[in-house]
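Some notes on the structure that comes next.
The values are calculated or read from the model by the stated rules, or taken from the named source; none is laboratory data. Keep in mind that this is a model prediction, so the values were computed, not measured. Positions of Cβ are generated from backbone atoms using ideal geometry, with glycine treated the same way; all protein chains shown enter the neighbour counts.
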Amino acid sequence: MKKSTTGLLLGSALAIGLSGCATPTTEPSSDRPWYQQPVVCGIAGGLIGGSIGYATSGSSDEERNAARAGTVGAGIGAMLCADRTPEPVAEPEPEPMPEPPPPPVFEPVVLDSAVTFAFDSSQLRPEARPVLDGVVRTLRENPEIRVRIEGHTDSIGSAQYNEGLSQRRADSVKAYLVSQGIAENRLMTRGYGEARPVATNETDEGRARNRRVEILNWD
């Protein structure tokens, strides 16, 4: 009689506890509802085990089997009432954007005026064309490159005349590049005359170095 009565009481307690598990709390004390807290789940499991123990054991081993069943039931209850909400999957870190390649840089080209032009002339000589054709190839292969074409002279003659001659020579180089299909808006010309010497104008060698046309990267 004791066993049946105890089993009934424990079964009733279990029914009450499980009915409470079905109703979530409106003010949880943590990020999990109260019916999924470890203590509550352990008590529910204990009631399960205790009920089984008392209902199935004899009067002689009632206390011992009930204790064992309660321990086992606590573990079962913890597993049954455990939060099985899947862990959020972390979003993969976006791969960094690759660094853009550096813009191509045009290597300066220096045209010797003695080879490129006749004396006191802005008309291109045929000897200058192989060098200029190399510039054309580079500009075709790199359409984003723009260049400056700068003309320079020695100091013989007036500064004004030399500036005009250097400008005409720069324009002549530009005209050849345009005739080979290079867009005009990629080319800028400037005549500096004798204002930017790279050597002394006191010697023939120095003056020859100063008479030149430079093709440079246009930033």
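For region 150-171, which positions are in contact with a helix residue (DSSP H, G or I) (Cβ under 9 Å, 6 or more places away or on another chain) and among the hydroxyl-bearing types (S, T, Y)? T153, S155, listed by residue number.
Scanning region 132-143 for residues that are within 29 Å of G206 (Cα to Cα) and not aliphatic (A, V, I, L, M), which turns out surrounded by the most Cβ atoms within 10 Å (Cβ to Cβ)? Top of the filtered list is D133. If the condition is being surrounded by fewer than 20 Cβ atoms within 10 Å (Cβ to Cβ) and either touching a residue at least 40 places away in the same chain (Cβ under 8 Å) or aromatic (F, W, Y) (or both), then region 144-164 contributes E144, I145, R146, R148, S155, I156, Y161.
Scan region 126-149 residue by residue and report those that are touching a helix residue (DSSP H, G or I) at 6+ places or on another chain (Cβ under 6 Å) and not β-branched (V, I, T). E127, A128, L132, R146, listed by residue number. Scanning region 181-200 for residues that are of a type in the set (S, T, N, Q) and exposed (fewer than 15 other Cβ atoms within 10 Å of the Cβ) yields N185, T200. Every condition in (1) within 18 Å of S122 (Cβ to Cβ); (2) without any contact (Cβ under 8 Å) to a residue 60 or more places away in the chain; (3) more than 43 Å from the chain's Cα centre (by Cα) holds for D204 except the one numbered (1). The listed residues are A199, A175, and the only one of them that is among the small types (G, A, S), more than 42 Å from the chain's Cα centre (by Cα) and within 21 Å of F106 (Cα to Cα) turns out to be A175. Out of N210, N217, N162, one residue alone is touching a Gly at 6+ places or on another chain (Cβ under 6 Å) and not β-branched (V, I, T). It is N162. The set of residues in region 161-209 that are under 14 Å from L132 (Cβ atoms) and either among the aliphatic types (A, V, I, L, M) or outside the structural domain of N142 (by TED's automatic domain parsing) (or both) comprises A170, V173, A175, L177, V178, I182, L187.
Conditions tested, residue by residue: (1) in contact (Cβ under 8 Å) with a residue 24 or more places away in the chain; (2) more than 14 Å from L187 (Cβ to Cβ).
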| residue | (1), (2) |
| --- | --- |
| P92 | no, yes |
| P100 | no, yes |
| P103 | yes, yes |
| L111 | yes, yes |
| V115 | no, yes |
| Q123 | yes, yes |
| L132 | yes, no |
| V135 | yes, no |
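Scanning region 97-112 for residues that are assigned to a loop (DSSP other than H, G, I, E, B) and over 21 Å from R146 (Cβ atoms) yields a count of 3.
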